[in-house]
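The values are calculated or read from the model by the stated rules, or taken from the named source; none is laboratory data. Nothing here was measured: the structure is a model prediction, and the numbers come from that model. Don't worry about glycine lacking a Cβ; one is built from the backbone with ideal geometry, like all the others, and counts go over all protein chains shown.
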Amino acid sequence: MNAETRQLMNQGNAAFAAQDYATAETCYAKVLREHRTFPDLYCKLGTIYHDKGRFTDAIKLFAEALKLNPNYIEARVNLLVMLNDMGHYDHARKLMGKLNGTGASPGALNMGRLAGKHLEVGDMYYSLQLYEHARVEYEHACKLRPGWCDVRTKLGVVYRRLNRQADAIRELETAVAINPRFLDARVELALTYFQQGKKSHAMSLWKAVIDIEPTHPRATRYLTLVGGTKKDIAAA
């Protein structure tokens, strides 16, 4: 690798780390015009294209990274997430089989990393108020790691946003059962019940949270607001 290429790589990596994807893309594209044997660049450029909505191009780049390095777990996980999101389930299942055949303790490690990817994308969609898209990602994460109560809580909140109250209660109650001391799940379950008009049930759940953590900010705030109108917290 010559000095110019190394400089472009370093500049691109610094830009990528700072999420300056426009600069990173320019640097990586220049490097790849002359050097096509760097799987890491294909993976990072695929991540950039995914962020830009160029999903087909991203899939090609992740696949190219895997051709160069079949054991490149991050590229394989990224590709698997994209195939699932685009509905290419047969291809994704085949890829999952290969994924589970690599590395030490592959099942737990790779399922966790894949669930984390879905969770990350779901959080992004949720922040944009694209709740139906967030639902899909959180559901994928829950299937992969059903014992993650934080994911189930987020899925329950999304169901509530989508007016799927029964589904919301199911997920939130499951989250509470998995970890009774995960107080966010109790707070969200109480809020869901309150929005259904079950005020006393909601209050008992919030008071239970206060019993465990007397200064819990949301539980304290909701109990204070309960003395007002339902409109005060209906959109929470």
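Below are the figures for this structure:
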{"read-out": "Any hit, the stretch 139-148, residues being within 20 Å of residue 51 (Cβ to Cβ) and assigned to a helix (DSSP H, G or I)", "value": "yes"}
{"read-out": "Residue within the stretch 61-74 that is hydroxyl-bearing (Ser, Thr, Tyr), in contact with a helix residue (DSSP H, G or I) (Cβ under 8 Å, 6 or more places away or on another chain) and either modelled with pLDDT of 75 or more or over 22 Å from residue 135 (Cα atoms) (or both) present", "value": "yes"}
{"read-out": "Search result, residues across the stretch 12-46 that are under 17 Å from residue 72 (Cβ atoms) and crowded, with 18+ Cβ neighbours inside 10 Å", "value": "16, 28, 38, 39, 41, 42, 43, 44, 45, 46"}
{"read-out": "Those residues of the stretch 171-195 which are loosely packed, with under 15 Cβ neighbours inside 10 Å and not basic (Lys, Arg), in sequence order", "value": "177, 180"}
{"read-out": "Near pairs, Cβ below 6 angstrom, 6+ apart or cross-chain, from the stretch 204-220 (closer than 16 Å to residue 189 by Cα) to any residue that is assigned to a loop (DSSP other than H, G, I, E, B)", "value": "209/216"}
{"read-out": "Some residue of the stretch 97-104 being more than 16 Å from the chain's Cα centre (by Cα), charged (D, E, K, R) and either at pLDDT 55 or above or farther than 12 Å from residue 151 by Cβ (or both)", "value": "yes"}
{"read-out": "Count of residues meeting criterion [closer than 22 Å to residue 197 by Cα, assigned to a helix (DSSP H, G or I) and either in contact (Cβ under 8 Å) with a residue 24 or more places away in the chain or in contact with a Cys (Cβ under 9 Å, 6 or more places away or on another chain) (or both)] in the stretch 149-166", "value": "10"}
{"read-out": "Residue in the stretch 4-11 that is surrounded by 11 or more Cβ atoms within 10 Å (Cβ to Cβ), more than 30 Å from the chain's Cα centre (by Cα), in contact (Cβ under 8 Å) with a residue 12 or more places away in the chain and assigned to a helix (DSSP H, G or I) present", "value": "yes"}
{"read-out": "The lone exception for residue 206 - which of (1) at pLDDT 90 or above; (2) within 23 Å of residue 134 (Cα to Cα) it fails", "value": "(2)"}
